[in-house]
Amino acid sequence: MNITVYCGSAPGSRESYAKAAQELGSWLAHEGHTLVYGGGKIGLMGIVADAVLAGGGRAIGVIPGFLRTPGRAYEGLTALYTVNTMAERKARMIELGEAFIALPGGPGTLEEISEVISLCRLGRKQAPCLCYNVDGYYDLLEWFFRQMNEQDFLGYSYQEIVRFPRTLEAVAALVGA
């Protein structure tokens with residue numbers, strides 16, 4: 001299965017984020033899944049890709065040309081696609097993905113997983129959408145989805161579209177591996 005992982009180009013302030021990225025990458029490789037991600041060599045992106053490759057797995061990166069610079073782009077991947085814009089990057093990663101996981105990250109990570117959640121909500125994509133809630137990183141986002149649901153802005157239970165697992169075991173169960 002191609003699993004698209006969205007995450008920070010920075011490692012974040014907690015060691016648990018890097019540990020979760022490394023464990024997720026190792027799990028992807030062990031289970032025979034292919035990582036699809038933003039193509040970076042830095043931050044959590046680099047950590048998850050390193051772990052996939054170290055485990056003998058496949059890693060596909062999708063990176064805009066303006067970010068494909070030495071030290072930033074991961075040139076040792078199974079495949080590294082260069083696109084023109086961030087919008088093209090998101091579209092290609094969605095096209096390639098069969099399941100979607102957001103590790104901790106910034107506004108780009110939030111934008112990417114939000115687009116997939118919206119596509120699933122509209123019936124344009126059918127795939128697991130997970131916000132890997134490492135150390136409660138996504139607690140407030142989960143609360144916000146509950147608010148949207150309780151205030152009748154979703155028309156369904158948010159858990160039908162997006163889940164907030166706290167462990168790798170829960171991620172694996174929700175992906176269906």
Legend entry - Residue match in the stretch 52-60 (condition: modelled with pLDDT of 95 or more, closer than 18 Å to PRO104 by Cβ and open to solvent by 50 Å² or more (accessible area, probe 1.4 Å)): no
Legend entry - Conditions (1) closer than 18 Å to ALA172 by Cβ; (2) assigned to a helix (DSSP H, G or I); (3) within 15 Å of the chain's Cα centre (by Cα); number of the one not met by HIS30: (3)
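Here's the yes/no breakdown for (1) at pLDDT below 95; (2) among the small types (Gly, Ala, Ser):
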| site | (1), (2) |
| --- | --- |
| GLY97 | no, yes |
| PHE100 | no, no |
| PRO107 | no, no |
| LEU110 | no, no |
| ARG121 | yes, no |
| GLN126 | yes, no |
| LEU130 | no, no |
Legend entry - Unique residue being open to solvent by less than 10 Å² (accessible area, probe 1.4 Å), touching a Gly at 6+ places or on another chain (Cβ under 9 Å) and farther than 19 Å from GLU95 by Cα when the list is GLY39, GLY46: GLY46
Inset, instruction - Answer yes or no: is there a residue in the stretch 101-111 that is more than 24 Å from SER13 (Cα to Cα) and either charged (D, E, K, R) or touching a Pro at 6+ places or on another chain (Cβ under 6 Å) (or both). - result: no
Inset, instruction - From the list GLU88, GLU142, pick out the single residue that is open to solvent by 20 Å² or more (accessible area, probe 1.4 Å), under 23 Å from GLY12 (Cα atoms) and assigned to a helix (DSSP H, G or I). - result: GLU142
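The values are calculated or read from the model by the stated rules, or taken from the named source; none is laboratory data. Owing to the predicted nature of the structure, the values given are computational and were not obtained by experimental measurement. Methodologically, a virtual Cβ is constructed for each residue, glycine included, from the backbone with ideal geometry; neighbour enumeration extends over all protein chains shown. Just so you know, the surface numbers come from the protein's heavy atoms only, side chains and all, with ligands and any DNA or RNA stripped out. Shrake-Rupley method; radii C 1.70, N 1.55, O 1.52, S 1.80 Å.
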